[in-house]
Amino acid sequence: MRKSKLFALLRALSKKEFRQLEKYLQSPYFNTNEQLCQFWAFLEPYQPEFRHENLQKKQLFEFLFPGQAYNDGKVRKLMTAMSSTVEDFLLQEHLKKRDGLKWTLRQELFGMRNLYKYFERETEKIIEHYEQKNYRDIDDHLMQWHTRKNYFFHPDTNRYGANEADLRQMLNSLDVFFVLSKLKVSGEMRSRERVLNRQYDIWMLEEVKSQADAIAALKDHTIFNLYRDVLELQEGKSDMVFDKIKQQLYLHHAHFTSDVAQFCLHHLLNYAIWKTNQGKLEYLPQVFNLYQFGLDTRLLIYQQRITDTTFTNIAAIGIRNEAFEWVEHFIENYQEYLDQKIRSSVCTLCYGFLHYSRHELDKAIELLIDFDFSNDYYYLRAKTLLLRSLYEQFVKDPSLYHVLIAQSKAYEKFLRRNKTIGEYQVEVHLNFVKMLRQMVKIRYQQRWEDKAHQKLWEKMNQMQQLANKDWLLMQMGN
C-alpha cells in the first residue's frame, strides 16, 4: 500500500498543499464521495512521509467500515478514487502557475461558446503579451502560433478580410518554433555523439543552419543565437564560443526561463568537463566556477532536489581544485537537497574523498570500512577509495597488510557476485583488485627493487581495461 501511486503523489505535496487538499476534498463541487474525506482523516496523521507501519489496507478498511469483513476490492477502488482526486487537485494547483496556458484555454473557451467578441480580445491580449517579451523561447513561439491559428481558423473570422500580416505572422511563429527546436535538440544530439561515440544523421539540420538568418524574426533573437552557439560548441568548431555562451548566461540568466538557463549551463559544464578529461586542465577552474554559479543561481536545484550525480561531481571538482573548506561547506549546507534515501551514502562517499585528498587516510578508512552503502555504484566507488587509502597507509605501516588483503578479497567477491553492475565496470575493477594485490605482495615481500616490480609495471601499463590505472602506475613509481 505504501508503495502505491497514491502515496507517491501524497509525498510530492508541500505543507501548504496538504492544507489545500483537505479543503479540496471537503468541497462538494470537487468531491462528491464522502468516503474520501474519511480516507483523508485516516491518512492525515501520517503526513508528510506516509511510511508508518499502520498504513495497511486492513487497517484502512477497519477505519472506514468497522465491523465488516475485509474486502480488498473496496479498498483498491477507494485508493484509485483518491489517487484520481489528488491528481485532479495537483492539476488545479499547476494551472494556477501557468498563465500562458490559462490564457490559451480561455481563448479556446470563448471561441467554443460563441463569445467571439471576448475571443478576439483574449487573442489580442495573448499576442501582445508574447510580443512584449524580450527573450522568447520555444514554447513562447508555439503559443503565439497556436493563438494565431485558433483565431484565423475560427468560423467567425473573415479569413479573406483579415490582415494578411496576421497570416504571415502565424507562419513566422511556426518557422521560429521549428528552428529553435531543431537547434536545441540537435545540440543535445551532438553532445551525445561525443559521450557515446556515435554519429547521428539529423534531418534538415544543415538547411536550417544555412537558411535561419533569412528569417526576419530571428534577427537579434537572443535565444536563437544561444542555441546556435551551443550547437557550434558541441560540434567542436571553436573554443571561443564557450566564453561567448558563458558571458551571455552570466549577464542574462535572470531574464531567461529556467529551462534556457539550465540548458546553457548543462552544455557549458559538459564541454568544460570533456576538455578537462582530455588533459586541458585550464578548464578545471572553469568547471568549478560554473558549478558555483549553478548553486548561487539555484539552476542546479530542481524541485528542491540536487541529483546525486551532480552532488558528487561538485564535490569532486571542488576537491580537484583543492578548495577543501568550500567542499566541506557545500556538503554540510546542500545535503538537504539530496533524496533522503541516498543522502547518507552520498555524503559519506564525498567526505571519504575529502579526507583522502587531505591525506587524512585514517579518517577516510574509518569512515568507509564498515559503512553500508545504499547503492551498488556507491559501494563500487567507496570500496575502491578504501583500498587506495589502505594501500597508501600500508606503505607507511606494513602491519595493515592482512587488513588490506582481506578487504581486497571481499571486494573481489562482491564484484563476482553482483548482477546489477555492468560487465565492463566489473572487469576493470576486478583487474584493479588483482593488480593492487600483486603490488601489495611485492612490497610486503620486499621485492620492490627486483624484476617482479618491473614486470608488474609493464603489465599494468599494457592493460587497457584497468580502473585507477594512473594511480596504480604512480604508486608503482614511488
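The values are calculated or read from the model by the stated rules, or taken from the named source; none is laboratory data. It should be emphasised that the depicted structure is a prediction, and the values quoted were computed from it without experimental measurement. Here the Cβ positions follow ideal geometry from the backbone for every residue, glycine too, while neighbour counts run over all protein chains shown.
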Provide a single number: the residues in the range 377-423 that are among the acidic types (D, E) and either loosely packed, with under 15 Cβ neighbours inside 10 Å or not assigned by TED's automatic domain parsing to the domain that holds K434 (or both). 2
Across the range 374-411, what is the number of residues that are farther than 24 Å from T312 by Cβ and assigned to a helix (DSSP H, G or I)? 13
Only one residue in Y391, Y302 is without any contact (Cβ under 8 Å) to a residue 60 or more places away in the chain and of a type outside the set (V, I, T). Which one? Y302
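Residues checked against (1) modelled with pLDDT of 95 or more; (2) assigned to a helix (DSSP H, G or I); (3) in contact with a Ser or Thr (Cβ under 6 Å, 6 or more places away or on another chain):
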| residue | (1), (2), (3) |
| --- | --- |
| N134 | no, no, no |
| R159 | no, no, no |
| A165 | no, yes, no |
| R168 | no, yes, no |
| L180 | yes, yes, no |
| L183 | yes, yes, no |
| S186 | yes, yes, no |
| R194 | no, yes, no |
| D201 | no, no, no |
Restrict the check to the range 331-338 and report whether at least one residue is in the same structural domain as L436 (by TED's automatic domain parsing), among the aliphatic types (A, V, I, L, M) and under 30 Å from the mean Cα position of the chain (by Cα). no
When you scan the range 446-462, do you find a residue that is surrounded by fewer than 16 Cβ atoms within 10 Å (Cβ to Cβ), more than 22 Å from Y379 (Cβ to Cβ) and touching a residue at least 24 places away in the same chain (Cβ under 8 Å), even just one? yes
Exactly one of F311, F353, F263, F288 is surrounded by 16 or more Cβ atoms within 10 Å (Cβ to Cβ) and in contact with a Cys (Cβ under 8 Å, 6 or more places away or on another chain), and that residue is F311
Members of the range 419-462 found to be in contact with a helix residue (DSSP H, G or I) (Cβ under 8 Å, 6 or more places away or on another chain), in a helix (DSSP H, G or I) and over 16 Å from Q475 (Cα atoms), listed by number: Q425, V426, H429, L430
Residue count for the range 365-381, restricted to those that are of a type in the set (A, V, I, L, M, F, W, C) and closer than 18 Å to L472 by Cβ: 1
Tell me yes or no: at least one residue of the range 45-57 is out of contact with any helix residue (DSSP H, G or I) (no Cβ under 8 Å at 6 or more places or on another chain), of a type outside the set (S, T, Y), over 26 Å from Q92 (Cα atoms) and surrounded by 12 or more Cβ atoms within 10 Å (Cβ to Cβ). yes
Any chance you could count how many residues in the range 434-456 are within 17 Å of V395 (Cα to Cα) and of a type outside the set (S, T, N, Q)? 13
In the range 44-82, how many are out of contact with any His (no Cβ under 9 Å at 6 or more places or on another chain) and closer than 22 Å to K341 by Cα? 10
Only helices (runs of 4 or more DSSP H) wholly contained in the range 1-107 count here; list those with 3 or more residues that are under 20 Å from Q303 (Cβ atoms). 5-11, 15-26, 72-96
Residue check for Q144: polar (S, T, N, Q), surrounded by fewer than 11 Cβ atoms within 10 Å (Cβ to Cβ) and without any contact (Cβ under 8 Å) to a residue 40 or more places away in the chain: no
Across (1) small (G, A, S); (2) modelled with pLDDT of 95 or more; (3) under 27 Å from E49 (Cβ atoms), G318 clears everything bar (3)
When you scan the range 207-225, do you find a residue that is of a type in the set (V, I, T) and within 29 Å of the chain's Cα centre (by Cα), even just one? yes
